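Novice: Structure below; questions to follow.
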Amino acid sequence: AQKVTQAQTEISVVEKEDVTLDCVYETRDTTYYLFWYKQPPSGELVFLIRRNSFDEQNEISGRYSWNFQKSTSSFNFTITASQVVDSAVYFCALSEANQGAQKLVFGQGTRLTINP
Amino acid sequence: DAGVIQSPRHEVTEMGQEVTLRCKPISGHDYLFWYRQTMMRGLELLIYFNNNVPIDDSGMPEDRFSAKMPNASFSTLKIQPSEPRDSAVYFCASSLGRASPNNEKLFFGSGTQLSVL
C-alpha cells in the first residue's frame, strides 16, 4: 500500500534561514509520481512540483529546491533564504501510475512558520 | 481563469440536517475530486469523477455521503443526515487528465469549512 510520511509536524525558523522539509514514501509500484503542495493561511492547496519515479534529477525553482532519492524513498523540499510569505502547511503526496496520477495519497503535512 | 469555485465557504448546521456542498471545476477539466481534511486523518480522497462519471468512491465514509456531477461544470457532495464527526474542511479539485505530465496537477478550490453541532 502507498504511504507518505512527513515526520516534521511543525517547523519554526527565522527569516532568511534555509529550511528543509522531509518526505518519505512507500510504494510497491515502479512507476509513481511525487508532488508537493502548499496550503497558505487562505486555505486552498497550491501545486508546487511534480516528479515521476524515473526522473531523479534534482530541481531548483528560485528559492525552492527538491531532492529526490529513490535509494532512500525520499523527496525532500528545501527553501533557501526563507521569507515570511513562505509560512504555510506543506504537503508531500504520492500517486501510483496504475491508479491514475491524480489519485493522490497525502502526508500529514508540515506547518512551516517563518518569523521576521 | 476563475479557478475552482466552492460554495459555501462556511457551513454551520445541526446534527441530523442535510448538508449540500457545491463545486464548479475549471472549464475544460475532465477530472473532479472531492477531498476531506481533518486534523486526525489529514487529507483524504472521498470520490472522483472523470467526464462526469464517478470512477472511484471507495473513500466515501458511509451511505450518508453521496456525490453527483450532473454536468461538466457542477458537482455536489451531500451529507444526509449530518453528524458532528463530519465536521471538516471539504475540498473540491479538478484536473485536465492523464494526457500529458503537465495535465496531472490538481487545482484546488478554497474549501468549505463544515461544522456540525
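Novice: Considering only the stretch A:28-81, state which residues are polar (S, T, N, Q), in contact (Cβ under 8 Å) with a residue 60 or more places away in the chain and under 20 Å from residue A:14 (Cα atoms).
Specialist: Listed by number, the residues that qualify are A:39, A:78, A:80.
Novice: Looking at A:5, A:9, A:20 in this structure, which one is surrounded by fewer than 13 Cβ atoms within 10 Å (Cβ to Cβ), under 15 Å from the mean Cα position of the chain (by Cα), at pLDDT 95 or above and not acidic (Asp, Glu)?
Specialist: A:9
Novice: Which of the residues spanning the stretch A:53-70 are in a loop (DSSP other than H, G, I, E, B) and either surrounded by 16 or more Cβ atoms within 10 Å (Cβ to Cβ) or in contact with a Gly (Cβ under 9 Å, 6 or more places away or on another chain) (or both)?
Specialist: Answer for the stretch A:53-70, where residues must be in a loop (DSSP other than H, G, I, E, B) and either surrounded by 16 or more Cβ atoms within 10 Å (Cβ to Cβ) or in contact with a Gly (Cβ under 9 Å, 6 or more places away or on another chain) (or both): just A:53.
Novice: Further question on the same structure: Within the stretch A:77-105, which residues are closer than 24 Å to residue B:38 by Cα, at pLDDT 95 or above and either assigned to a loop (DSSP other than H, G, I, E, B) or not β-branched (Val, Ile, Thr) (or both)?
Specialist: Passing the criteria: A:77, A:86, A:87, A:88, A:90, A:91, A:92.
Novice: Mind checking whether some residue in the stretch B:53-64 is touching a strand residue (DSSP E or B) at 6+ places or on another chain (Cβ under 6 Å) and buried (at least 20 other Cβ atoms within 10 Å of the Cβ)?
Specialist: no
Novice: If we scan the stretch B:71-80, do we find a residue that is touching an Asp or Glu at 6+ places or on another chain (Cβ under 9 Å) and within 12 Å of another protein chain (Cβ to nearest Cβ)?
Specialist: No, the conditions are met nowhere in the stretch B:71-80.
Novice: Something else: Restricting attention to the stretch A:77-86, which residues are surrounded by fewer than 19 Cβ atoms within 10 Å (Cβ to Cβ) and at negative phi?
Specialist: A:78, A:80, A:83, A:84, A:85
Novice: Among (1) at negative phi; (2) at pLDDT below 95; (3) out of contact with any strand residue (DSSP E or B) (no Cβ under 8 Å at 6 or more places or on another chain), which single condition is residue B:105 missing?
Specialist: (3)
The values are calculated or read from the model by the stated rules, or taken from the named source; none is laboratory data. All values derive from a computational prediction rather than experimental measurement. Cβ coordinates were reconstructed from backbone atoms using ideal geometry, including for glycine residues, and neighbour counts include every protein chain displayed.
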